[in-house]
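Enquirer: I'd like to ask some things about the structure below.
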Amino acid sequence: MENSFHNWQQIIWREWRHNNDSEYAERLFELVADEPVGWGVGVSLILLSAISGASLGILIVAPITFEWAILQQLAIAGSVIGAARGYLLNRQLTWRDWLRRLESNTPTGSLSKLVGGVLVMALIGGMLFGPVFWLMMAGLFWAIGGVITWIRSGLEETYSYNPQDRRWWFWWRNRPHLSDVQAAIEQASAMLPAAGEIWNEPLHRLSEAQGQPASPDELTKALLSNDWVERFVARHTLVMLGREAIFPLQALATKDTTPLKDTARRLLQNIERSSS
């Protein structure tokens, strides 16, 4: 199993990304949403802000002159200002802020057609006008996203992501084992008072269920419960039961008419990894 002491945030993000239980995912998101972003995000923000500043600098002077020496000086000045702004923003940036910002520039839903059109226009424009056009398009795209984020922040009290948008984040990381997820949630609840308010009761119910587990048949029925806590407890308890839970899970995994087919397969994989 993974070292959850060092990786609990990564484990939560990976579980948030890959699970198909939207209510459960919302609670996972709250565990990590207000944690500071890492250095990789900071570097990305500074770089993107620098490109945006450079493109805005070129755009300001372009209606007056196309002399390359002047454009170059404005681009350099704009990039320095943009990078400085990105550095200042990064100092207090949380994952909630970053995902809200990225969502404004991410091809989700109907925006995918818009983004596709922008990319095609950028490709054609770059072939006709050279790399400066690419720089301007990339910078303006990011700058427009910043304006959208600013408008949305004034309209929304808290950031609420679309569950379908999760497919764009952390797709390069595989889903963690449920025992690692449980350890990560327990650690987060112990470290973060706000997390404890959400997760203390589910973890207590999980502890009781694992101490006196119900039958595998009862637990598989609980996977369809309207209560996300019952579904959470059932998944983890079935994996804890191990081989005892294999037969009812196999029946679900091979049944095309049940919405639990993917869940059952994932639980069987966890059991297999636990016993290997």
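Enquirer: Evaluate the stretch 72-90: report whether one residue or more is part of a loop (DSSP other than H, G, I, E, B), within 26 Å of the chain's Cα centre (by Cα), surrounded by 17 or more Cβ atoms within 10 Å (Cβ to Cβ) and of a type in the set (S, T, N, Q).
Expert: No, the conditions are met nowhere in the stretch 72-90.
Enquirer: Which ones in the stretch 200-220 are part of a loop (DSSP other than H, G, I, E, B) and in contact (Cβ under 8 Å) with a residue 24 or more places away in the chain?
Expert: Once the filter is applied, which keeps residues that are part of a loop (DSSP other than H, G, I, E, B) and in contact (Cβ under 8 Å) with a residue 24 or more places away in the chain, the stretch 200-220 yields only Pro213.
Enquirer: Checking Glu35 against (1) surrounded by 14 or more Cβ atoms within 10 Å (Cβ to Cβ); (2) farther than 30 Å from Ala190 by Cβ: exactly one of these is not met. Which one?
Expert: Here Glu35 clears every test but (2).
Read-outs throughout are calculated quantities, based only on the coordinates presented, and are distinct from any laboratory measurement. Bear in mind the structure is a predicted one, so any value in this text is a computation, not a measurement. Every residue, glycine as well, gets a Cβ built from its backbone with ideal geometry; the counts of neighbours run over all protein chains shown.
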